[in-house]
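First up is the structure itself, then whatever we jot down about it.
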Amino acid sequence: MNYSNTNEHLYDDIALWEKTDGKELFTQMPLAEKKTPKILDFGYGFGENLFAVNNAYPEGMVYGIDCSPVCQNEVGEKITARGLKNICLINKEVHDLGDFENASLDLVLLYDALHGGDGKGKYMLFEESYRVLKAGGCLSILPVHLSNWRDHEGKKKTYSLKMIIDEVQSFGFEYAGTCGQKGVHWEKCHTMYYIKKGNITFDVLEKVDVMNFLKK
């Protein structure tokens, strides 16, 4: 896909990604239910993955959780403007996934959502993802900020991909590999330090292999 790669048209490029490469990324997920899956994007941020996964599965149901009022307002306005009826936002800080019943989801996205804090949130998300996913359901991770992950004791460690695989598999998942398309780390698009520099283009955004795990 050819992006304009100018700072001026960065958000046009993001919208294009949501309809093309982003859509392709999510159609490559190892899902048993391809027609009408139920999907959760935890920490949806400014909605790039939320809209891309919705483009991939327009007859499915997409849920998003985020506690940022800025993100809530911006994404909510986009949903209304685009007339989307199958995206449901859960706008609050959560300490579990109690809004969802056991074995009720087909895909959970934990993209740029597992670093920082005291580490407890990471393990909650692994445990709760296992609970809410159906048998054979997919947990998909975008592994970024690996030097800022924490172990069970809350100690900061630089995680390797093997460490992530071993840790997630200990919660009852089986590693299913990556997709052909890479995920995108969107942080620079929304960080004032980079925005003020005025030199952010689509090509400079970090592209990362997603890691997919299936619930046994």
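Some points to look at:
- The residues of segment 136-203 expose, per residue, 53 Å² of accessible area to a 1.4 Å probe.
- Among the GluC sites (Glu not before Pro) within segment 140-216, those in coil by DSSP and having at most 16 neighbouring Cβ atoms inside 10 Å are GLU153.
- When the trypsin sites (Lys or Arg not before Pro) in segment 98-170 are filtered for DSSP coil states and for at most 10 other beta-carbon atoms within 10 Å of their beta-carbon, the remaining sites are LYS155.
- Calculated [222 nm] ellipticity per residue, helices only, for the chain: -9000 deg cm²/dmol; basis is -39500 (n - 2.57) per DSSP H run with n ≥ 4, divided by all residues, nearest 500.
- Accessible-area composition of segment 30-108, carbon plus sulfur, in percent [1.4 Å probe]: 49 percent
- Residues whose amide H lies under 5 Å from that of LEU40, counting only those 5 or more places away or on a different chain, are TYR63, LEU107, VAL108, LEU109; hydrogens are built 1.01 Å from N in the peptide plane.
- Surface accessible to a 1.4 Å probe, per residue, for the residues of segment 56-128, Å²: 49 Å²
- Over the C-alpha trace of segment 129-203, radius of gyration and Dmax come out as 16.0, 46 angstrom.
- Hydrodynamic analysis of the chain uses the Kirkwood radius over alpha carbon pairs. Inserted into Stokes-Einstein at 20 °C and 1.002 mPa s, it gives a translational diffusion coefficient of 122 µm²/s.
- With a simple spin-label model that places each label point 7 Å from the Cα along the Cα-to-Cβ direction, the separation between TYR175 and THR191 comes to 2.7 nm.
- Look at where the Cα atoms of segment 36-83 and of segment 142-196 average out, and the two centres are 21 Å apart.
- The antiparallel fraction among DSSP beta bridges confined to the chain stands at about 40%.
- Sparse packing (at most 14 other Cβ atoms within 10 Å of the Cβ) combined with a DSSP loop state is found for the following trypsin sites (Lys or Arg not before Pro) in segment 1-41: LYS34, LYS35.
The values are calculated or read from the model by the stated rules, or taken from the named source; none is laboratory data. The structure presented is a predicted model; accordingly, all values stated were derived computationally and were not measured. Cβ: placed from backbone, ideal geometry, glycine included. Neighbour counts: every protein chain shown. These accessible areas exclude ligands, DNA and RNA; they are computed on the full protein's heavy atoms, side chains included. Shrake-Rupley method; radii C 1.70, N 1.55, O 1.52, S 1.80 Å.
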